[in-house]
1. Compute the FRET efficiency between Ala105 and Leu60 as 1/(1 + (r/R0)^6), taking r as their Cβ-Cβ distance and R0 = 35 Å, and round to the nearest 0.05.
2. For the chain, give the magnitude of the charge dipole about the Cα centre (Cβ charges: +1 Lys/Arg, -1 Asp/Glu; no others), in debye to the nearest 20.
3. What is the packing order of peptides 212-222, 100-110, taking the mean over residues of other C-beta atoms within 10 Å and listing the highest first?
4. Farthest toward the dipole's positive end in the range 1-117, which of Tyr45, Leu90, Thr108, given Cβ charges of +1 (Lys, Arg) and -1 (Asp, Glu) about the Cα centre?
5. Note the angle between two axes, namely the Cα long axis of helix 36-54 and the longest principal axis of the Cα atoms of the chain, as a number of degrees from 0 to 90, rounded to the nearest 10.
6. Name the residue from Val137, Leu18, Gly126 whose Cα lies farthest towards the positive end of the charge dipole of the chain, charges +1 on Cβ of Lys and Arg and -1 on Cβ of Asp and Glu.
7. To test your reading of the geometry: what angle, between 0 and 90 degrees and rounded to tens, separates the Cα axis of helix 58-79 from the longest principal axis of the chain?
8. Match the structure shown to one of the listed values [x] 1.00; [y] 1.04; [z] 0.97 of Rg/Rh (Cα atoms, Kirkwood Rh), computed from it, and give that label.
Amino acid sequence: MVIVLFDGFAFGMLLFVLSVGLTVTLGLMNFINLAHGAFGMVGGYVTVMLMRQYGVPFLLTLPLAFLGAALVSVVLERIFFRRLYRSGELNQVLFTIGLVFVAAAGATYFFGTGQQPIVLPSWLRGSVELFGIRFGVYRMFLIAVSLAITAVLFFTLERTRFGAKIRASVDNQKVAQALGLNVERIFAITFALGSGLAGLGGALAVEIVGLDPSFGFHFLVYVLIVVSVGGLGSIAGSFLGAALLGIGDVAGKYLVPELGSFLIYLLLVAILLVKPTGLLGKR
């Protein structure tokens, strides 16, 4: 049972890294970005390409995957997304889901439809034994990375001037501009941060769940569930929601295999019936 909880928590932390960027853009910027999973796919393919074609070490590909997804998002934000910030939700949904289809077609054209495996460094493979139980090294690494991201994000968004500027820009753009804040630049940086985190999550996900052109569609559902359960704009809520859903998903598949992946949706319904705004959401 301990190993089920451990594997579930590790999977939850992967969901957290993939979804926390959407928590930032949707919760703080009020922008419905259903293309979030596509940026995760970009990060995954950056890692695969760098490791296979250029022999870049896995650890070095992680910040490069973050930067690659962030740079792509900056270009798209400047050309397309910026025009949608003040549009209705329907326009945002239609455009961003269309972008996922475009990204999937592009990935299919350049990389094919097959899975894109990678070879981890030896020190991240295998398992270690603690108290008579064997724990996967990569999953331990994944948990450590996720905890570090949580700490950095919470401090940046809740305890710094930049975080205060984001909240001020979202609450009232006109007043923020009157106070001298460059709202467009703040939104661009925030959007790049959220997309870069998705890219980092995609890079970390390659070893656990694989990578193919459907990645943006497959994990979009999980990402939306995590954001909904955690609560809009709450980093702590996304962390808690991802952990609960990851453990519930793995435990359900192990203990009640006939339900399969359906248990995660039951958890979603149960939590939202009790807390419609999410575990730590305020709206």
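1. Details: r = 29 Å, r/R0 = 0.84.
FRET efficiency, Ala105 to Leu60: 0.75.
2. Values: 18 positive and 11 negative charges, 165 e Å.
Here the size comes out at about 800 debye.
3. On the way: 212-222: 20.3, 100-110: 15.5.
In descending order of packing, they fall as 212-222, 100-110.
4. Positive-most Cα among the choices belongs to Leu90.
5. With rounding to tens, the tilt is 60 degrees.
6. Comparing the listed Cα positions along the dipole, Leu18 ranks first.
7. 30 degrees
8. [z]
Here, each number is a calculation from the coordinates, and none is a lab measurement. Only a predicted model underlies this, so the values are computations on that prediction, with no experimental measurement involved. All Cβ positions, glycine included, derive from the backbone under ideal geometry; neighbour counts span all protein chains shown.
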